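What follows is calculated from the coordinates using simple rules that are stated; it is not laboratory data. Everything quoted here is computed from the prediction, not taken from an experiment. FYI the Cβ positions are ideal-geometry reconstructions off the backbone, even for glycines, and counts take in every protein chain you see.
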Amino acid sequence: MKNRILFVNRQRKVEIDALRMQAYAKASGFSVDLTTLKWALSDDESFVMAAETEGQLIATMRGEVVTEVSLLEQKLECPWDFPLKLDMPILLLSRAATLSSYRSAGLNLILRYWFLRFAITHNINFVLGTFVTGSPRENTLREMGYQFFDNKLGWQKSTYRSLFPVTVVALDIRTQGKKALRYCLDHAPNGMNEYVFDEEFPDLRIIKNL
């Protein structure tokens, strides 16, 4: 198949590492030690999804199934004291990267769509993320129905260093899931038809490591 969406494992780590490092080297609003983006144990425990064309990986996103609030707080670098009660487990999306020549193809939205479908299949009620203010996907997430919360501490504990205010977002699948899926379908119709996901969703794995 020429174009497809698929889950990848450590066997594709070189390509995933390259995608992440080229994308995050140009990131604005934060700095990060690029070497820490390389495939790690946490990736083995996570679900790494990718878009592939002619055998080449051109975009990726990681989903982590988290069951402990304490680990979630470590990953977000802030306490979960927001006015939203979470049902565990949750799905935390991160490490999104797209090859620069494909950034207009809507691949981030397509990967997010399939992660939402993954969450629904596994009865996960909340999909979370975090980013610095001014991210190009901020308006997209608002229109999809995500709730926005301020992380007043920013990113200072890990290899990430935030230079602008940090936002935590949460999508309640039960109330906003259909709206979010429809948004993806409406805003990336060509890509949805071109990049096909024809696998079964894998069984759940629980993240235990940062």
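Just a few scattered comments:
- Between Lys208 and Asp150, full extension at 0.36 nm per residue minus the direct alpha carbon distance yields a gain of 18.4 nm.
- J(HN,Hα) series, region 194-200, from Karplus relation 6.51 cos²θ - 1.76 cosθ + 1.60, nearest Hz, glycine and proline x: 7, 9, 9, 9, 10, 9, 8
- Contour excess over end-to-end distance, with Cα ends at Gln22 and Arg103 and 0.36 nm allotted per residue: 27.9 nm
- Using the Karplus relation 6.51 cos²θ - 1.76 cosθ + 1.60 with θ = phi - 60°, the per-residue 3J(HN,Hα) values for region 134-148 come to x, 4, x, 8, 4, 5, 4, 5, 4, 6, 6, x, 5, 8, 10 Hz, with x marking Gly and Pro.
- Residue among Leu34, Leu72, Leu84 with the largest mean-square fluctuation in a Gaussian network model of the chain, springs linking Cα atoms under 10 Å: Leu84
- Spatial separation of Cα centroids for region 69-101 and region 136-167, in angstrom: 10
- If the chain linking Phe201 and Asn139 were pulled fully straight, counting 0.36 nm for each residue of separation and taking away their Cα-Cα distance, it would gain 19.5 nm.
- Neighbour net charge for Arg205 - beta-carbon separation under 13 angstrom, K R +1, D E -1: -3
- Cα gyration tensor, region 1-117 - rounded (a/c under 1.5), prolate or oblate: prolate
- Charge tally in the Cβ shell below 9 Å around Gly154, where Lys, Arg are +1 and Asp, Glu are -1, Gly154 excluded: +1
- Nearest-0.05 FRET efficiency for Gln74 and Lys13, computed from C-beta distance (R0 22 Å): 0.40
- The P(r) of the chain has a tail past 21 Å containing 51 percent of all C-alpha pairs.
- Whether region 69-132 is rounded, prolate or oblate, judged on the alpha carbon gyration tensor where a/c under 1.5 counts as rounded: oblate
- Taking label points 7 Å from Cα along the Cα-to-Cβ direction, Thr121 and Met88 give a separation of 2.5 nm.
- Amide hydrogen proximity for Tyr146: with H placed 1.01 Å from N in the peptide plane, no residue at 5 or more positions away or on another chain lies under 5 Å.
- Residue-wise HN-Hα coupling along region 185-191, computed from phi with Karplus coefficients 6.51, -1.76, 1.60 (Hz; x: Gly, Pro): 5, 6, 9, 9, x, 5, x
- Put simply, region 143-195 fits an ellipsoid with semi-axes of 30, 16, 8 Å; these come from the alpha carbon gyration tensor as the roots of five times its eigenvalues, largest first.
- For Ser31, net neighbour charge (Lys/Arg +1, Asp/Glu -1) across residues whose Cβ lies under 15 Å away: +2
- Lysine pair count for the chain (Cα-Cα distance under 17 Å; residues 8 or more apart in sequence or on different chains): 6.
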